[in-house]
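These notes concern the structure reproduced below.
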Amino acid sequence: MIVKNASVFTEENRFEEKDIYIAGEVFADDNGKGAGKEVIIDADGCYAIPGLTDIHFHGCMGSDFCDGTMEAIDTMAAYEASVGVTTIVPATMTLGREQLYRICETAAEYKTAQEAGEKEGKAIFCGINMEGPFISRDKMGAQNPAYIHAADQELFDTMQKKSGNLIKLVAIAPETEGALEFIHANRNKTVLSLAHTTADYETAMKAFHEGASHVTHLYNAMPPLGHRAPGVIGAAADAGADAELICDGVHIHPGTVRATFKMLGDDKIILISDSMMATGLKDGDYSLGGQDVKVTGNLATLKDGTIAGSATNLMDCLRRVVMDMKIPLESAVKCAAVNSAKSVGIYDKYGSITAGKVANLVLLRKEDLSLYKVILKGQVLNK
């Protein structure tokens, strides 16, 4: 396949007018060596960007990762691929031990099936984001308080074993019992992310010193940035941590998004959707982590008004960041495709349009960033 006349996002994080060559499931050298000539796509008037990676979302199209079924993951992976999110790391919730085990076992089963070629046309399942239960009750957000408990090495080890080592991130409130010790013990096993926390600046810095390197949905479910109490947000800036941002237009004000890009830079920001099962569907009543959720437009809330995830996919978040929040497209793509892949250790295969990497590619029309084509593993999904 040859994709011609596109403005191509390069590893230098800029757009360049050139052709893209694909041989089988991977990108080929610019000279086209090894690429077939059977299919030519004219992408004139389009940006060509790597397929996006969402490292934090819960569901879409009426399915939730915590359903713990192959069918749920299948539904989610099909929808995500259709909108240009070609690699996924869905998130668990604060749930009971046995339910978490079942989710992990199903994830391992799905990964095995996908590697055997049984899930063609679906976003590539790359791991699990373990959001809870090691969080603070005081900042639980939409998590279920019945299952919150202190850091538990045995629980994590068992989940990791049952998943086939698919847990890529673990959310943890560093001020809770045993959290700092847990972070230190697992610093080389997974990414430790500060989340759903009341931690002050000093406690957050201790956590980063012990091995945490990531912050789950920055600003949400944590103390605000204060001029005398910078909290987790200030600590993340000082420690050079990666920080997730939900840019659905609900969770964070556009001015705060712009300020965060100035404060952290686009090397450290990761765009996420935090989407729940209503994403892709009409307004109505849904659930998240076993709790009832009402969705109206982009807003998803519990009965008490607490925001409960988003109803927006990552590609729509990218559009909103660029079109409404006035972040440069180059920065937005970097934060939704490159940084996200790097953060969970899959950048060797995904996240850039580079010879030898899996040919996941999205063509967006320049005038409005609407979707023109999605190419997954060298195959056009929406012909």
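Brief remarks follow.
- Probing with 1.4 Å while keeping every protein chain in the model, the per residue accessible area of the chain equals 38 Å².
- Each Cα pair under 8 Å and six or more residues apart adds its separation to the average, and for the range 47-136 the resulting relative contact order is 35 percent.
- Loop-located trypsin sites (Lys or Arg not before Pro) in the range 230-284 (DSSP state other than H, G, I, E, B) with a sparse environment of at most 14 neighbouring Cβ atoms within 10 Å: Lys282.
- Alpha-carbon Rg/Rh ratio, for the range 6-105, with Rh computed the Kirkwood way: 1.13
- Distance cut-off 23 Å, percentage of C-alpha pairs in the range 233-366 lying past it: 41
- Remark: the chain projects, on average over all directions, an area of 17.4 nm² (convex hull of Cα atoms).
- Kirkwood hydrodynamic radius computed over the range 35-180 comes to 16.5 Å, based on all pairs of distinct alpha carbons.
- Electrostatic bookkeeping for Gln99 treats Lys and Arg as +1 and Asp and Glu as -1; over the other residues with beta carbon under 13 Å from its beta carbon, the sum is -1.
- Taking the helices alone, the chain has a mean residue ellipticity at 222 nm of -7500 deg cm²/dmol, built from -39,500 (n - 2.57) per DSSP H run of at least 4 residues and averaged over all its residues.
- Gain on full stretching of the segment that runs from Arg365 to Glu71 - 0.36 nm per residue minus C-alpha separation: 102.6 nm
- Think of the chain as having a plus end and a minus end, set by charges on the Cβ of Lys, Arg, Asp and Glu; of Ile327, Ala212, Leu52, Ile327 sits farthest toward the positive end of this dipole.
- Spherically averaged projected area in nm², based on the convex hull that wraps the Cα atoms of the range 116-234: 8.6
- One Cα centroid belongs to the range 87-130, the other to the range 230-257; the line between them spans 27 Å.
- Ranking Ile20, Asn165, Ile73 by how far each Cα lies toward the positive end of the dipole of the chain (charges on Cβ) leaves Ile20 at the top.
- Modelled this way, with points 7 Å down the Cα-to-C-beta line, the labels at His227 and Glu177 are 4.0 nm from one another.
- Of the trypsin sites (Lys or Arg not before Pro) found in the range 297-352, those in coil by DSSP whose Cβ has at most 12 other Cβ atoms within 10 Å are Lys303, Lys326.
- Using the empirical formula 2.2 N^0.38 Å as the baseline, the Cα radius of gyration of the range 340-383 reaches a ratio of 1.29.
- Electrostatic dipole magnitude of the range 134-289 [Cβ: Lys, Arg +1; Asp, Glu -1; Cα centre; debye, to 20]: 220
- Evaluated at q = 0.14, 0.17, 0.21 Å⁻¹, the base-10 log of the normalised Debye intensity for the range 191-309, with identical point scatterers placed on the Cα atoms, takes the values -0.63, -0.86, -1.14.
- Net +/- balance of residues flanking Tyr201 in space, Cβ distance below 13 Å, scoring K and R +1, D and E -1: -2
The values are calculated or read from the model by the stated rules, or taken from the named source; none is laboratory data. Quick caveat: nothing in here was measured; it's all calculated off a predicted structure. Counting neighbours? That spans all protein chains shown, and the Cβs are built from the backbone with ideal geometry, glycine included. Just so you know, the surface numbers come from the protein's heavy atoms only, side chains and all, with ligands and any DNA or RNA stripped out. Shrake-Rupley method; radii C 1.70, N 1.55, O 1.52, S 1.80 Å.
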